[in-house]
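The values are calculated or read from the model by the stated rules, or taken from the named source; none is laboratory data. Please read these numbers as outputs of a predicted model, since none were measured by experiment. Cβ sites come from the backbone with ideal geometry, for glycine too, and all protein chains shown count toward neighbours.
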Amino acid sequence: MIVSDFITHFIAADLRTATPILFAALGELYMERSGIINIGLEGFMLIGALTGSISSYFFNSALLGVIMAALVSGVLGLIYAFFVVTIKANQVATGIAINIFSLGLTTTIYRAFMGVNTSHPNIASFKNISIPLLSKIPIFGQSIFNQTALVYLALMLVPFTYYFLYKTSIGLKIRAAGEYPQATDTAGVNVFQIRYGAIIGGSMLVGVGGAYLSLGLLNMFTENMVAGRGFIALAAVIFGKWNPWGVLGAALFFGFGDALAIRLQVMGSSIPYQFLLMLPYIFTVAVLAGVVGKAFSPTALGIPYNKE
Amino acid sequence: MKRLMLITLIIVITIGVFSLYSWGADLKIAMLLPGPISDQGWNMMAHNALKAAEKEFSAEIAYTERTPVSDFEEIFRGYAQAGFNIIMGHGFQFGDVAKKVAQEFPKTIFIVSSSDISQAPNLASFRTMDAQAGFIQGVVAALLTETNKVAYIGGMEIPPTINQNRGFRAGVKYINPSIEVISTFTGSFYDVAKAKEMAKAMAQKGVDIIVPDADVANLGVVEAAEEEDIKIIGCSTDMAEVSPDITITSLLEDFSKAFTTVVDYVLEGKFESRAYEMGVQEGALDLAPFRKYEEKVSKEDMAKINQVLDDLKSGKIDIAKYLED
């Protein structure tokens, strides 16, 4: 095998693997910045994956599938927001409840819609789009600029998120709500409203991440198909130090680890693949412990806001 | 009110007990299943086997679904007291309790599936020979590969997948030791995306035949195979029903056959309290029809495949000799 081919395939695999994590992690970033820690990413992604798959099947359009996935995840986000913002339920417990609930719900709904048979139905999915000129660049052209539309969307969301959070007044309000909600409230900003908005918007992104799994990376829904990516996305937010660019780096790094683990196995390497699977988590712990520079989580993260 | 409830309870119990008893059938078989019979997998397989036994031996049958671990013992005992001759716990997790209850009812036969335990005189276990299954798949793959690179993708690294993989490697080497065999595990029976990435990476390395052994995640390998130039040899069920264009054949596991074979032993008085291993000889394992690939396989290769199956049946090939370490 030619080395440049190997690198091309490797980068392409890295991007494909990183995309669902990136979507979910960016969604989580909005929520965490507003002071909400949503452990239920895995569940939101499953709901997104199922909605995307079923909608695409019935409307025969992958684009509508993704839009529906975003909408349904947004509604779930609204319910979640009602619990953690209005009722002030424990955020971690509510998130775990959503994970468990979603696993059962998606399985049941999928069986009800598609029946329990061995063949998987033909569902409209995203095809690779080759960007003119850019895709001709050696090595990187075919790997980065020949992906599905959702991969480009995920990459474009990174600068957008950065701009939104750091350069707009809504972004400032979101960050303020996550740092000093009391002060924010005093300044005349409705913290409840901001948090509701961040949760609903963030949830929609997480749902799209799930839909990418069932419509971009694969072309089907299977039970529990998210397989832990929601939790990796949680780690990516921490590893990326609550910054969109950092989150991008973390998602790519985790995708890199996955792609490398797969290739090392295929090449018959003697390095145990479990060791490589473990690496992302070790780095996350290292970041939390302050080994790789200091990481500051939003001060009010996980604390429900009580209006005095 | 209390008395009414008591009377109702007595009636229900009486009906329950009497319905368990039957004066018609000589053979009464009961099963304890860990999950629902509608799961399209493990538990449905056992339910089908039970129905097959009902038909074949005109036996009376009963089963308990979703058996809670805490009730294993009482349900085993209940069936034994109700006069069932053969009681099976579906899965190795029933082993310890079966051992305990079996001592109390020496005339009842206790069976545990997917396990290797036994206890004289009345407790046996059975399982299919994963290594043999892999061996046959290895033989087919080695005969049909054009790139001389074949691969195995397992889900979690647990005894059934480890054994299947070892058998697969042995089967390939048995035909042609120069063929490169790549063995991998995704670490999950659910991660479809990862299985697909794994298969894609293999295609880039020049692998042309893959044996996917990762349960639901097999569908990921199927998708990769449809996109790249890969064929698959299925495990357990006929994968040609999922994707006929890329499925060469599948190695079918017939749980019903394995189970009725054990029941047969009991009826013929050949039953021994040991760990039965079922393979092609008992009909518990078999190759599915080649369907679309029927014509693409040369006569010599087909003859060789059938020869290997016959040799495995007659015991002429001892797989253990070919297994690595």
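Identify, from the list A:G52, A:G74, the residue that is surrounded by 24 or more Cβ atoms within 10 Å (Cβ to Cβ) and out of contact with any Pro (no Cβ under 7 Å at 6 or more places or on another chain).
On the way: A:G74 fails: surrounded by 24 or more Cβ atoms within 10 Å (Cβ to Cβ).
Testing whether each residue is surrounded by 24 or more Cβ atoms within 10 Å (Cβ to Cβ) and out of contact with any Pro (no Cβ under 7 Å at 6 or more places or on another chain) leaves just A:G52.
Of these, B:P177, B:P160, which one is out of contact with any strand residue (DSSP E or B) (no Cβ under 9 Å at 6 or more places or on another chain) and more than 14 Å from chain A (Cβ to nearest Cβ)?
Values: B:P160 fails: out of contact with any strand residue (DSSP E or B) (no Cβ under 9 Å at 6 or more places or on another chain).
Being out of contact with any strand residue (DSSP E or B) (no Cβ under 9 Å at 6 or more places or on another chain) and more than 14 Å from chain A (Cβ to nearest Cβ) holds for just one of B:P177, B:P160, which is B:P177.
Among the residues in segment A:241-259, are any part of a helix (DSSP H, G or I) and among the acidic types (D, E)?
First, pick out the residues of segment A:241-259 that are part of a helix (DSSP H, G or I): A:244-259.
Within this subset, residues satisfying the condition of being among the acidic types (D, E) are A:258.
Yes: segment A:241-259 contains one or more residues that are part of a helix (DSSP H, G or I) and among the acidic types (D, E).
Hey, among B:I87, B:I75, which residue is over 30 Å from B:A131 (Cβ atoms), among the β-branched types (V, I, T) and not in a loop (DSSP other than H, G, I, E, B)? Reasoning before the result, please.
Details: B:I87 fails: over 30 Å from B:A131 (Cβ atoms).
The match here is B:I75.
Anything in segment B:236-260 that is outside any helix (DSSP H, G or I), more than 10 Å from the chain's Cα centre (by Cα) and touching a residue at least 60 places away in the same chain (Cβ under 8 Å)? List them, or say none.
B:I248, B:T249, B:L251, listed by residue number.
Does A:P272 qualify as being within 30 Å of B:A225 (Cβ to Cβ) and more than 21 Å from the chain's Cα centre (by Cα)? Lay out the reasoning, then the answer.
Values: within 30 Å of B:A225 (Cβ to Cβ): yes; more than 21 Å from the chain's Cα centre (by Cα): yes.
It is true that A:P272 is within 30 Å of B:A225 (Cβ to Cβ) and more than 21 Å from the chain's Cα centre (by Cα).
Could you tell me whether segment B:135-142 includes any residue that is under 25 Å from B:F57 (Cα atoms) and of a type outside the set (G, A, S)?
Let us first name the residues in segment B:135-142 that are under 25 Å from B:F57 (Cα atoms), namely none.
Looking through segment B:135-142, none of the residues is under 25 Å from B:F57 (Cα atoms) and of a type outside the set (G, A, S).
Can you pull out every residue in segment B:199-208 that is crowded, with 24+ Cβ neighbours inside 10 Å and either more than 10 Å from chain A (Cβ to nearest Cβ) or under 25 Å from the mean Cα position of the chain (by Cα) (or both)?
Passing the criteria: only B:A199.
Which condition does A:Q142 not pass, out of (1) within 14 Å of another protein chain (Cβ to nearest Cβ); (2) in a helix (DSSP H, G or I); (3) more than 22 Å from the chain's Cα centre (by Cα); (4) closer than 21 Å to A:V208 by Cβ, if it passes all the others?
Tallying (1) within 14 Å of another protein chain (Cβ to nearest Cβ); (2) in a helix (DSSP H, G or I); (3) more than 22 Å from the chain's Cα centre (by Cα); (4) closer than 21 Å to A:V208 by Cβ, A:Q142 fails exactly one: (4).
Only one of B:S236, B:S256 is out of contact with any strand residue (DSSP E or B) (no Cβ under 8 Å at 6 or more places or on another chain) and surrounded by 17 or more Cβ atoms within 10 Å (Cβ to Cβ); which?
Answer to the check: B:S256.
Yes or no, residue by residue, for (1) touching a helix residue (DSSP H, G or I) at 6+ places or on another chain (Cβ under 6 Å); (2) within 14 Å of another protein chain (Cβ to nearest Cβ):
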{"position": "A:L150", "(1), (2)": "yes, yes"}
{"position": "A:V158", "(1), (2)": "yes, no"}
{"position": "A:Y180", "(1), (2)": "no, no"}
{"position": "A:F192", "(1), (2)": "yes, no"}
{"position": "A:L205", "(1), (2)": "yes, no"}
{"position": "A:G230", "(1), (2)": "yes, yes"}
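Being farther than 25 Å from A:Y152 by Cβ, at pLDDT below 95 and more than 12 Å from chain B (Cβ to nearest Cβ) is the filter here; which residues of segment A:1-34 pass it?
A:V3
Does A:V237 satisfy the condition of being in a helix (DSSP H, G or I), β-branched (V, I, T), in contact with an Asp or Glu (Cβ under 7 Å, 6 or more places away or on another chain) and crowded, with 24+ Cβ neighbours inside 10 Å? Steps first, answer last, please.
Working: in a helix (DSSP H, G or I): yes; β-branched (V, I, T): yes; in contact with an Asp or Glu (Cβ under 7 Å, 6 or more places away or on another chain): yes; crowded, with 24+ Cβ neighbours inside 10 Å: yes.
Considered against the rule, which asks whether it is in a helix (DSSP H, G or I), β-branched (V, I, T), in contact with an Asp or Glu (Cβ under 7 Å, 6 or more places away or on another chain) and crowded, with 24+ Cβ neighbours inside 10 Å, A:V237 comes out as yes.
Tell me which residues, restricted to segment A:148-185, are in a loop (DSSP other than H, G, I, E, B) and touching a residue at least 12 places away in the same chain (Cβ under 8 Å).
First, the residues of segment A:148-185 that are in a loop (DSSP other than H, G, I, E, B): A:168, A:180.
Listed by number, the list holds a single entry, A:Y180.
Check B:V280, B:V211 and return the single one that is more than 14 Å from chain A (Cβ to nearest Cβ), aliphatic (A, V, I, L, M) and buried (at least 24 other Cβ atoms within 10 Å of the Cβ). Step through it out loud before you land on a result.
Numbers: B:V280 fails: buried (at least 24 other Cβ atoms within 10 Å of the Cβ).
From the options B:V280, B:V211, the qualifying one is B:V211.
If A:A93 satisfies all but one of (1) touching a residue at least 40 places away in the same chain (Cβ under 8 Å); (2) surrounded by fewer than 17 Cβ atoms within 10 Å (Cβ to Cβ), what's the number of the condition it fails?
So the condition that A:A93 fails would be (1).
Among the strands (runs of 3 or more DSSP E) contained in segment B:103-193, which hold 1 or more residues that are on the phi > 0 side of the Ramachandran plot?
Numbers: elements: B:109-113, B:123-128, B:149-154, B:180-185.
In segment B:103-193, there are no strands (runs of 3 or more DSSP E) which contain 1 or more residues that are on the phi > 0 side of the Ramachandran plot.
Go through segment B:182-198 and report how many residues are more than 8 Å from every other protein chain (Cβ to nearest Cβ) and aliphatic (A, V, I, L, M).
The number of residues fulfilling the criteria is 1.
Working carefully through the options A:G268, A:G290, A:G257, find the one that is among the small types (G, A, S), within 13 Å of another protein chain (Cβ to nearest Cβ), surrounded by fewer than 13 Cβ atoms within 10 Å (Cβ to Cβ) and without any contact (Cβ under 8 Å) to a residue 40 or more places away in the chain. Before the answer, list the steps.
On the way: A:G290 fails: within 13 Å of another protein chain (Cβ to nearest Cβ); A:G257 fails: surrounded by fewer than 13 Cβ atoms within 10 Å (Cβ to Cβ).
Every option except A:G268 fails the conditions.
Can you say whether A:L213 is surrounded by fewer than 22 Cβ atoms within 10 Å (Cβ to Cβ) and within 13 Å of chain B (Cβ to nearest Cβ), as far as the supplied structure shows?
Values: surrounded by fewer than 22 Cβ atoms within 10 Å (Cβ to Cβ): no; within 13 Å of chain B (Cβ to nearest Cβ): yes.
When the stated conditions are applied, A:L213 does not pass them.
For segment A:186-209, which positions are within 19 Å of A:I36 (Cβ to Cβ), assigned to a helix (DSSP H, G or I) and not aliphatic (A, V, I, L, M)?
Going residue by residue through segment A:186-209, those that are within 19 Å of A:I36 (Cβ to Cβ) are A:189-209.
Among the residues that remain, those that are also assigned to a helix (DSSP H, G or I) are: A:191-209.
Answer for segment A:186-209, where residues must be within 19 Å of A:I36 (Cβ to Cβ), assigned to a helix (DSSP H, G or I) and not aliphatic (A, V, I, L, M): A:F192, A:Q193, A:R195, A:Y196, A:G197, A:G201, A:G202, A:S203, A:G207, A:G209.
Closer than 13 Å to A:L215 by Cβ, assigned to a helix (DSSP H, G or I) and without any contact (Cβ under 8 Å) to a residue 40 or more places away in the chain: does that describe A:M68?
Judged against the criteria, A:M68 is a match.
Please verify whether segment B:311-324 includes one or more residues that are of a type in the set (F, W, Y), at pLDDT below 95, surrounded by fewer than 19 Cβ atoms within 10 Å (Cβ to Cβ) and under 18 Å from B:D130 (Cα atoms).
Taking segment B:311-324 and keeping what is of a type in the set (F, W, Y), we get B:322.
Pick out the ones that are also at pLDDT below 95 and you get B:322.
Pick out the ones that are also surrounded by fewer than 19 Cβ atoms within 10 Å (Cβ to Cβ) and you get B:322.
Then keep just the ones that are under 18 Å from B:D130 (Cα atoms); that gives B:322.
Taking every residue of segment B:311-324 in turn, at least one turns out to be of a type in the set (F, W, Y), at pLDDT below 95, surrounded by fewer than 19 Cβ atoms within 10 Å (Cβ to Cβ) and under 18 Å from B:D130 (Cα atoms).
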